[in-house]
Every structure is written in C-alpha cells, then in structure tokens.
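Undergrad: Got a structure here, written out as structure tokens. Questions coming.
What follows draws every value from the coordinates through simple rules; no lab data is involved. Model, not experiment: these values are computed from the prediction. Glycine also receives a Cβ, built like all others from the backbone with ideal geometry; neighbour counts cover every protein chain displayed.
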C-alpha cells in the first residue's frame, strides 16, 4: 500500500525543486496547519463548551465578534509569533499589524474565522491566510503573494493552498492527526451553472448587475443559486464545481464589503491558479496597490466563462 502524502511531505518535495528553498516556508505552513487543527477541535466541541455566541464587541470593520473569533485570532497570533518565522501579522480582527521582534522573513494576513456567525447553526466556516515576504511596507499587491490558502471546517477539515504552482487540497485524517493529500492540482471547470450572491440586496445593486442576474434566471441555460454566507464555503464549492461567486458594491457599500488583503487577494490567487478568473469591477484585484490595511473592494470570481459573461453586463 502506498504511503499517504502528508502536507509536510508535499511541501518538502516541492521545495526540493527550488535551490533557494531554506525550509522555513515548510515550517511556517506546519505552524498554520497546527493552529488549524486546534481551531477544528474547538469547533467540533462548540455545542459542549462555552464558546458559542457573541463576545460583546465589534472589530475594526464593524462586524460583531464571536467568541470563537477571539479564540482563533489569538491562537494564530501566538502560534505564528512563537514560530520566529514572521516579520508581521495582520488580522481582520486587529486595528493595526503586529510586528515580531524575532526578525522573521514573512508577513501573514489572515481572517481567523470567516463566516463565524454561522457557528451557532453548525454551518461551514474557515480560516483564510495570505503570505508575503517581508517588505519595508506591509501593504503589498496581491501579485506578490508567496502563498495563499484556507482551511475549511466542515464534515471534514480541508486545507487548500497554492504557492503559484497549482492548487492542492489536503484532508485531515483524525486517526493520524495529519493533513493528507486528497486533491492534486485542482482545476476549476471552465463554466458552471451555480451562481453565488446575496440576492436579498438586489434593490441596492446596479442596473447592470440586476440585468445580469435576470439573464441567469431567464436564459436557456439553467442556473442554480447557492449562497452560504461564508466566503470560504462558497469559494470551496465554486473551486470544485465551477460557477461564479459575486460580492459586489451596492448603494450602501460603494466599495463592497470584502477585505482586499484578508479575503479577496488570497481567494483570487487560488482561483486563478486553478484556471479561473477574478475581477474587481473590471480589473484583476491582485494588481491593486493597497492604500490601507482594511481596504474593501467588490469582487467576482470563478469559472472563466462565467466571469467573462458577468463582465459584459457591468
């Protein structure tokens, strides 16, 4: 029987192809996956321990913070700072980045628990991460990402990541306590019949976007609407089954609601590495020069044909 490939084994194998590899990226990913395992364990016990519900405060973006948000955020901060590998950490839950005294070489942006309002009703949530080499300016364009990925906590726990050499998925085997390679070099279908958007806000959308949504419902091709309300879960489905995910600007939110550095850039890198497209209005969001740490942008990403069709309307 062939030995299963663990996440660590896989990254080491990939690193051997690059003479400049030092092994520090492998170590960083090990710390990220260990934090993910601990978060997954706490989520599995969410109905048995006092970690459900709101913490009573809002974060810098104005979102209500859940107790598990706070736990996950602090866990990742402590884990990565103790690694000695990071120069700076920036979280959706923090007003400003945290700088390490250890002098590490990586900057990590992360959303500790995307979709955390779904925890109380037992729907998938996830951790999103985006990794850069350190720079004099912590704000860098998404095209400079060293790696990007997410961990989705659902019926199984999966870690999906890319270093610019394809997208790979690893599933946590509870009996081994290891993430094992389950999907190598994922390719998103060129087209799909699932669209994901919060149509409850249709009255706030532009005429072009509403015309596009109408075309999906009235055209010959049969589309299905699927919207979970956790970007990780909606992107995970889109990555595997194709289709399009849209979080647009609207009359109340002229720049949309998703954060460029914590959500849009890492998911755009994943989708494009899988052969799909990502656009903010009509430009690649990974080319946007960020102006501030919690900058918001509208985004549409998914199957190439679906995104191109969307762009015709806007």
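Undergrad: Could you work out [θ]222 nm for the chain from helices alone, using -39500 (n - 2.57) per DSSP H run of at least four and dividing by all its residues? Round to the nearest 500 deg cm²/dmol.
TA: Calculated mean residue ellipticity at 222 nm is -9000 deg cm²/dmol.
Undergrad: Follow-up. Label the range 194-313 by shape, choosing from rounded, prolate and oblate, from the square roots a ≥ b ≥ c of the eigenvalues of the Cα gyration tensor; if a/c is under 1.5 it is rounded, and otherwise prolate applies when a/b is larger than b/c, oblate when it is not.
TA: Cα axes put the range 194-313 in the oblate bin.
Undergrad: Return the single residue from 36, 276, 104 with maximal mean-square fluctuation; model: Gaussian network over the chain, springs between Cα atoms under 10 Å.
TA: Checking each option, the largest mean-square fluctuation is seen for 104.
Undergrad: Additional query: Give me 100, 117 sorted ascending by neighbouring Cβ count inside 10 Å, so fewest comes first.
TA: Listing 100, 117 from fewest to most nearby Cβ atoms yields 117, 100.
Undergrad: Between 127, 162, 79, which gets the highest mean-square fluctuation from a Gaussian network model of the chain, Cα cutoff 10 Å?
TA: The residue that fluctuates most here is 79.
Undergrad: Then there is this: For helix 304-313, report the angle its Cα long axis makes with the longest principal axis of the Cα atoms of the chain; keep it between 0 and 90° and round to the nearest 10°.
TA: 40 degrees
Undergrad: Can you tell me the orientation of helix 231-241 relative to the chain, as the angle in degrees between its alpha-carbon axis and the longest Cα principal axis, to the nearest 10?
TA: Value to nearest ten degrees: 80.
Undergrad: Need one word for the range 7-183: rounded, prolate or oblate. Basis is the Cα gyration tensor (sqrt eigenvalues a ≥ b ≥ c); a/c below 1.5 gives rounded, then a/b vs b/c decides. Walk me through the numbers on the way to the answer.
TA: Details: a/c = 2.00, a/b = 1.24, b/c = 1.61.
It comes out oblate by the Cα gyration axes.
Undergrad: What whole number of Å gives the distance from the Cα centroid of the range 225-292 to the Cα centroid of the range 111-135?
TA: Cα centres, the range 111-135 to the range 225-292: 14 Å.
Undergrad: Under 11 Å from a label point 7 Å along Cα→Cβ of residue 8: give me every residue in the range 167-184 with its amide N that close.
TA: Under 11 Å, as judged by backbone N against the label point of residue 8, lie 178-179 of the range 167-184.
Undergrad: Further question on the same structure: Counting only C-alpha contacts under 8 Å and six or more residues apart, can you give the relative contact order of the range 194-313 as a whole percent?
TA: 29 percent.
Undergrad: Could you tell me whether the chain comes out rounded, prolate or oblate from its Cα gyration tensor? Rule is a ≥ b ≥ c as square roots of the eigenvalues, rounded for a/c under 1.5, then prolate if a/b exceeds b/c, otherwise oblate.
TA: The shape class here is rounded.
Undergrad: Could you tell me the relative contact order of the chain? Use alpha-carbon pairs under 8 Å, at least six residues apart, and round to a whole percent.
TA: Relative contact order, the chain: 15 percent.
Undergrad: To the nearest 10 degrees, how steeply does helix 24-44 sit against the main Cα axis of the chain, on a 0 to 90 scale?
TA: Rounded to the nearest ten degrees, it is 70.
Undergrad: With springs only between Cα atoms under 10 Å, which of 93, 272, 105 fluctuates most in a Gaussian network model of the chain?
TA: Highest fluctuation among the options: 105.
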